[in-house]
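K.L.:
Sharing a structure, written as structure tokens. Questions coming.
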Amino acid sequence: MKLSMRPITFLLFLLIGCAGIHGNVMGETTNASAVAEDYPIKPVRLIEPFGAGGGPDLLARALAQQLSQLWGQAVTVENIPGAGATAGPAQVAKSPPDGYTLLINTNAQAYSAAFSKNLPYDPLKDFIPIVPLTSQPYVLVAGKPAGVATVGELIAAAKAKPGELKFGSAGIGTGTHLGVEKFNLAAGIKAVHVPARPADSNADTIANAIAGRTTYYMAPISLALPQIRDGKLIALGVSTARRSALLPEVPTIAEAGVAGFDFPIWYGLWAPAGTPAGVIDKLVKDIGRVLAGQSLRDWVTKHGGEPMNMTQPEFARFVLSESESAAQIIKAAEIKP
């Protein structure tokens, strides 16, 4: 009986084809690993969404300097403020997902997810959280025209004129907004929100408080410190559970009468969704190395910050939980996008 060669031929064809596919996959994996290992081979941009001179900008420049030295490649900081601190993230979201355009942002990145229906990007789905950088207090401040010098006096003034006092923020859904809303809820007061205009930076919001156009503002401590020391702003309380070494004489908001209040500002780094896992791993490793260095640790401490030690998956879960917490504040305060 004569055996047909067709099954054998088909089997050989299948094996050769699979070997070819396997070779291609192996080749792609090897190439991807090589790309990640060589990264970066050209300058890297850090996009900062609040404007020059603020906490994220200062931290971005300190980080950029250290990474430039480590990589032997230029790492530049580009300030793109405006649109309630969403113009910068929007730019990163539409950038190529290759690791060469990164976002440094505050907790606003997580909080703005509650308003994503009105944004040109999704703060959670369009980004990969890379690493947390540091956390520090906000400081509740008032300008001299407000006529208040303590948290208690501010609360009393707000209760005497319900809904008449004004508070500023860097934009709807930012940490500077939700921090005050959380304070208002805890203190049992109501006030009018005056968000930054589309082209404004945090510095403009500070200027509004100094001029008396707003009564109070929860500012990043590194941004407000020069004006506090110059006597242009009055520090009413810090937002964390512990006092800040930068303002040791200023009580926490909890100490000042709003029991249990704790609302730090934190900073992190994000990449566009789709950035190769190998590049993300390289960023996590190298930024972790820089953050552990004495130079940047000293810089962070000098600016009132504390380290945040998390793995990349832990940071991703943390960002999600912070977004959920923000949604609770938004619902309780009846905030509209």
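The values are calculated or read from the model by the stated rules, or taken from the named source; none is laboratory data. Keep in mind that this is a model prediction, so the values were computed, not measured. Cβ: placed from backbone, ideal geometry, glycine included. Neighbour counts: every protein chain shown. The area values use the complete protein model at the heavy-atom level, side chains included, leaving out ligands, DNA and RNA. Shrake-Rupley method; radii C 1.70, N 1.55, O 1.52, S 1.80 Å.
K.L.:
Once Rh for the chain is found with the Kirkwood sum over Cα pairs, what is the Stokes-Einstein diffusion coefficient at 37 °C and 0.692 mPa s, in µm²/s? Before the final figure, lay out each step's value.
P.N.:
Values: Rh = 21.5 Å.
For the chosen part, D equals 153 µm²/s.
K.L.:
While we're looking at this one, here's another question. How high is the relative contact order of the chain, in percent, counting Cα pairs under 8 Å that sit 6 or more residues apart?
P.N.:
Values: 645 pairs, mean separation 86.2, N = 337.
So the answer I get is 26 percent.
K.L.:
Rank Ala158, Ala224, Ala142 by mean-square fluctuation in a GNM of the chain with C-alpha springs under 10 angstrom and give only the top-ranked residue.
P.N.:
It is Ala158.
K.L.:
Skip the ligands, DNA and RNA, and give the accessible area per residue of the chain with a 1.4 Å probe, whole Å².
P.N.:
Numbers: 15940 Å² over 337 residues.
Solvent-accessible surface per residue comes out at 47 Å².
K.L.:
Points 7 angstrom from Cα along the Cβ direction at Arg229 and Gln328: gap in nanometres?
P.N.:
For the pair Arg229/Gln328, the computed spacing is 3.7 nm.
K.L.:
With springs connecting C-alpha atoms under 10 Å apart, model the chain as a Gaussian network and identify which of Pro43, Pro132, Pro264 has the largest mean-square fluctuation.
P.N.:
Pro43
K.L.:
In the Gaussian network model of the chain, springs joining C-alpha atoms below 10 Å, which of Arg317, Arg213, Arg45 carries the largest mean-square fluctuation?
P.N.:
Arg317
K.L.:
In whole percent, and with a 1.4 Å probe on the protein chains, what portion of the accessible area of the range 143-216 is carbon and sulfur?
P.N.:
Values: 1750 of 3120 Å².
Of the solvent-accessible surface of the range 143-216, carbon and sulfur hold 56 percent.
K.L.:
A follow-up question, please. What does the charge add up to near Ile206, with Lys and Arg as +1, Asp and Glu as -1, over the other residues with Cβ less than 15 Å from its Cβ? All intermediate terms of the calculation are to be shown ahead of the outcome.
P.N.:
Details: positive: Lys144, Lys166, Arg197, Arg213, Arg229, Lys232; negative: Asp57, Asp200, Asp204, Asp230.
Taking every other residue near Ile206 into account, the sum is +2.
K.L.:
Considering only the other residues whose Cβ falls under 10 Å of the Cβ of Thr252, what net charge follows from Lys and Arg at +1 and Asp and Glu at -1?
P.N.:
0
K.L.:
Mind giving me the FRET efficiency for Arg197 and Ala160? R0 is 22 Å, r the Cβ-Cβ distance, nearest 0.05 is fine.
P.N.:
0.15
K.L.:
Within the range 122-206, list the GluC sites (Glu not before Pro) lying in a DSSP loop whose Cβ has at most 16 other Cβ atoms in a 10 Å radius. Could the numbers behind the result be given before it?
P.N.:
Working: sites: Glu153, Glu164, Glu181; in loops: Glu164.
Sparse-neighbourhood loop GluC sites (Glu not before Pro): Glu164.
K.L.:
Leaving out ligands, DNA and RNA, and with a 1.4 Å probe, what % of the accessible surface on the range 77-117 is carbon or sulfur?
P.N.:
Details: 640 of 1230 Å².
Accessible surface attributable to carbon and sulfur in the range 77-117 totals 52 percent.
K.L.:
If you keep only loop residues by DSSP, which trypsin sites (Lys or Arg not before Pro) in the range 62-158 have at most 16 other Cβ atoms within 10 Å of their Cβ?
P.N.:
Numbers: sites: Lys94, Lys117, Lys125; in loops: Lys94, Lys125.
Answer in residue order: Lys94, Lys125.
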